[in-house]
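Colleague: Before we start, here is the structure in question, set down as structure tokens.
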Amino acid sequence: MKLICIGRNYAKHISELDSEKPDHPVVFMKPDSSVLLRNNPFIIPSFSDDVHHEVEVLVKIKKVGKHIQSKFAHKYYDEIGLGIDFTARDIQNQLKDKGLPWEKAKGFDGAAVIGERWFLKSELENFNDISFRLEKNKEIVQAGSTSEMLWKIDELIAYVSQYFTLKIGDIIFTGTPSGVGRVEEGDVLEGFIEESSCFSIQVK
Ligand code: ZN
């Protein structure tokens, strides 16, 4: 199973990090070892002083495919969920400055939260207009809608499948809206799609 992640897919998040708006989706991967095991706390790694939460809508691939056209992409998934792309921002900034890959900042153990609650197409009217949010200690820190994505789910599938064969069970992290921020020991992070809780994570 692979985790394919999209960076810079929401305009306001691009400006909060002073990044440039890309001509194509920014793509990176997380290894399967980065998945935070169910019911485990997230442990801040010792090599970072600035781990950020990035709440993201997830798409679960249900069919093998490559070179998928956007108009057929809907056949390759019927579930979406919510997760966190934990990012060691200090490490990422060092790597970015040197033009190096981001894996150490994004792929460490526990850096991928995959919420247990998944929604079927039949449960939500339009996957391209879903509101979601992240609460930190019961306060909303990030809120967005999939309608604000620069590249929609079907376009992302078309784009990434030009490079990577998509396999059953692969998950696409579709990018984060604005409001990313540092996590501290003792924080509780809870993610919602519409009004349903998708995960609740303790930070240690
Ligand atoms: Zn992200």
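The values are calculated or read from the model by the stated rules, or taken from the named source; none is laboratory data. Being a predicted model, the structure only gives us computed values, none of them experimental. Cβ sites come from the backbone with ideal geometry, for glycine too, and all protein chains shown count toward neighbours. Keep in mind that these areas ignore ligands, DNA and RNA; they rest on the heavy atoms of the full protein, side chains included. Shrake-Rupley method; radii C 1.70, N 1.55, O 1.52, S 1.80 Å.
Colleague: How about the range 1-106: which chymotrypsin sites (Phe, Trp or Tyr not before Pro) there are in a DSSP loop, with at most 16 other Cβ atoms within 10 Å of their Cβ? Kindly include the intermediate steps, with their values, before the conclusion.
Modeller: Numbers: sites: Tyr10, Phe28, Phe42, Phe47, Phe72, Tyr76, Tyr77, Phe86, Trp102; in loops: Phe47, Phe86, Trp102.
Listed in order of number, the matching sites are Phe47.
Colleague: Which pairs, out of Lys30/Lys98; Lys12/Lys121; Lys66/Lys121; Lys12/Lys152, put more than 18 Å between their alpha-carbon atoms?
Modeller: From the list (Lys30/Lys98; Lys12/Lys121; Lys66/Lys121; Lys12/Lys152), the Cα-Cα distance tops 18 Å for Lys30/Lys98; Lys12/Lys121; Lys66/Lys121.
Colleague: Taking the Cα centre of the chain as the origin and placing charges on Cβ (Lys, Arg +1; Asp, Glu -1), which of Phe28, Ile114, Gly181 is farthest toward the positive end of the dipole?
Modeller: Phe28
Colleague: 222 nm [θ] for the chain, helices only, -39500 (n - 2.57) per DSSP H run of 4+, per residue, to 500?
Modeller: Working: 4 runs with 28 residues, N = 204.
So the helix-based figure for the chain works out to -3500 deg cm²/dmol.
Colleague: Cut-off under 19 Å on the C-alpha distance; same-chain residues fewer than 8 positions from Lys62 excluded. Which aspartates and glutamates are left, in chain and number order?
Modeller: In chain and number order, the partners are Asp32, Asp78, Glu79, Glu116, Glu123, Asp154, Glu155, Asp170.
Colleague: Considering only DSSP states other than H, G, I, E and B, which trypsin sites (Lys or Arg not before Pro) in the range 62-122 qualify as loop sites with at most 14 other Cβ atoms within 10 Å?
Modeller: Details: sites: Lys62, Lys63, Lys66, Lys71, Lys75, Arg89, Lys96, Lys98, Lys104, Lys106, Arg117, Lys121; in loops: Lys62, Lys63, Lys66, Arg117, Lys121.
Here the trypsin sites (Lys or Arg not before Pro) that fit, given the DSSP loop and packing criteria, are Lys63, Lys66, Arg117, Lys121.
Colleague: Something else: Can you give me the accessible area per residue for the range 3-202, using a 1.4 Å probe, in Å²? Provide the component values of the computation, followed by the final result.
Modeller: Values: 9530 Å² over 200 residues.
For the range 3-202, the solvent-accessible area averages 48 Å² per residue.
Colleague: Taking the alpha-carbon distance from Lys204 and a cut-off under 20 Å, which lysines remain once sequence neighbours fewer than 8 residues away in the same chain are dropped?
Modeller: Partners within reach: Lys104, Lys106, Lys136, Lys138.
Colleague: Let me ask something else about it. Per 5 Å bin from zero, what fraction in whole % of the C-alpha pairs of the range 3-202 is there, up to the bin with the longest pair?
Modeller: Values per bin, smallest distances first: 1, 8, 17, 22, 22, 17, 10, 3, 1, 0.
Colleague: Using DSSP, restrict attention to beta bridges with both residues in the range 3-202 and report what percent are antiparallel, rounded to the nearest 5. Don't jump to the answer; show the numbers that get you there.
Modeller: Values: 43 of 47 bridges.
Bridges in the range 3-202 are about 90 percent antiparallel.
Colleague: On to the next question. Could you check how much of the accessible area of the range 1-139 is carbon and sulfur, as a whole percent, using a 1.4 Å probe?
Modeller: On the way: 3410 of 7150 Å².
With neighbouring chains kept in place, the figure for the range 1-139 is 48 percent.
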